[in-house]
1. Which pairs turn up if I take residues in the stretch 179-207 that are within 16 Å of V104 (Cα to Cα) and look for partners that are buried (at least 16 other Cβ atoms within 10 Å of the Cβ) and among the aromatic types (F, W, Y) with beta carbon separation below 6 Å, at least 6 apart in sequence or on another chain?
2. Please name all residue pairs, on different chains or six or more residues apart, with Cβ atoms under 7 Å, provided the first residue is in the stretch 33-52 and is within 21 Å of W14 (Cα to Cα) and touching a residue at least 60 places away in the same chain (Cβ under 8 Å) and the second residue is basic (K, R) and buried (at least 20 other Cβ atoms within 10 Å of the Cβ).
3. Go through D219, D177, D164 for me and flag whichever is under 16 Å from the mean Cα position of the chain (by Cα), over 26 Å from Y267 (Cα atoms) and among the acidic types (D, E).
4. Answer yes or no: is there a residue in the stretch 53-65 that is surrounded by 13 or more Cβ atoms within 10 Å (Cβ to Cβ) and closer than 17 Å to L170 by Cα.
5. Going residue by residue through the stretch 75-86, is there one that turns out to be touching a Ser or Thr at 6+ places or on another chain (Cβ under 9 Å), closer than 20 Å to G266 by Cα and without any contact (Cβ under 8 Å) to a residue 40 or more places away in the chain?
Amino acid sequence: MYGVVTRNAEEVEWPDFETGFYEVKDVTGRAAAPLSNAVNMVSCFGDNAAADENPELVPVNEDGELATRDRTYFDWAYICPTNEKYQDGLLEIIEDCAAENEDVRLDDVGFPREGYCHCDRCERTFRESEFDDWFAWRASVITEFVAEAAERIPGKTYFTLYPDPYPGHLYTRAGLDIEALSEYVDEFVVPLYDIHYGTTYWLESIAKGFQSRLNWTPDGTTPPSGEGDATGTPFSIELYAVNVDVDDLVHATEVAENYANEVFFGYDASNAAATVRRKRADAREGVTYGDDGGE
């Protein structure tokens with residue numbers, strides 16, 4: 001099955017895709033009304049507009065450096081996940097999305113990197129918490145938010161993962177406890193973006209890594225190298241479709257769908273549709289018919 005990720009409402013209805021993800025709130029802070037015929041998608045703690053308007057919302061490291069897009073390694077600005085007022089706003093958006101379509105995708109959930117956040121609120125909240133370990137406390141913050149969000153989503157809860165399957169990396173980087181999150185997440189989505197997919201060995205390596213990390217395969221069997229405890233939680237792969245050669249995107253899709261529940265295409269519905277049509281046409285090749293027109 002194939003899906004599209006888009007900011008254009010009309011594209012979620014294209015017949016080439018079984019699933020349409022519509023960005024209701026993206027990392028720029030742009031907002032749109034949720035759709036009833038799409039899985040509405042919310043960028044939770046990525047928000048350039050909110051960060052520009054109120055820098056006090058932005059996470060800081062121990063050196064006081066803000067997690068904004070003008071710093072190395074950050075493509076957008078982040079908002080501190082412990083800010084309750086901002087969280088409340090997100091939960092309202094998620095409720096609005098779920099009122100239109102019962103399935104919702106949570107995007108950009110987590111702390112920005114390992115060194116964040118050391119704002120006064122985070123320092124105080126950690127001291128007052130039951131945790132002695134800072135990383136465990138961070139993970140509890142994210143898990144509690146996801147639990148609250150999932151309560152407001154009557155259908156399927158999708159959750160975007162940073163594409164690093166190595167055990168412990170997502171936990172220390174972003175505060176994502178995969179095992180704990182699996183209680184609330186119905187399907188993880190892993191974006192594996194490239195600008196041309198000229199080679200795909202890395203795509204296969206990462207996909208197989210998540211297969212092992214989540215102990216899940218498309219046929220329902222446990223992978224032989226499975227190491228995680230998040231059993232039964234499927235994952236899908238999202239490919240980048242903008243200006244990618246169709247032949248290369250077809251090849252990337254063939255690799256991805258061997259490991260993923262579904263394959264989604266980001267931000268170029270026309271190119272994605274051409275890829276899906278090519279794949280389906282190729283699948284029909286080789287069928288022969290007798291003189292009577294039967295197979």
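1. From the stretch 179-207, the pairs are V185/F159; E187/Y158; F188/F159; F188/F235; V189/Y158; V190/F210; V190/F235.
2. Filtered contacts from the stretch 33-52: V39/R105; M41/R105.
3. Values: D219 fails: under 16 Å from the mean Cα position of the chain (by Cα); D164 fails: over 26 Å from Y267 (Cα atoms).
Testing whether each residue is under 16 Å from the mean Cα position of the chain (by Cα), over 26 Å from Y267 (Cα atoms) and among the acidic types (D, E) leaves just D177.
4. Checked the stretch 53-65: no residue is surrounded by 13 or more Cβ atoms within 10 Å (Cβ to Cβ) and closer than 17 Å to L170 by Cα.
5. Of all residues in the stretch 75-86, those touching a Ser or Thr at 6+ places or on another chain (Cβ under 9 Å) come to 76-78, 82.
If we keep only those that are closer than 20 Å to G266 by Cα too, we end up with 76.
Now restrict to residues that are without any contact (Cβ under 8 Å) to a residue 40 or more places away in the chain: none.
The answer is no, given that none of the residues of the stretch 75-86 is touching a Ser or Thr at 6+ places or on another chain (Cβ under 9 Å), closer than 20 Å to G266 by Cα and without any contact (Cβ under 8 Å) to a residue 40 or more places away in the chain.
Values in this text are rule-based calculations from the coordinates and carry no lab data. Just so it is clear, the structure is predicted and the values come from calculations on it, not from any experiment. Quick reminder, even Gly has a Cβ in these numbers, built from the backbone with ideal geometry, and neighbours come from all protein chains shown.
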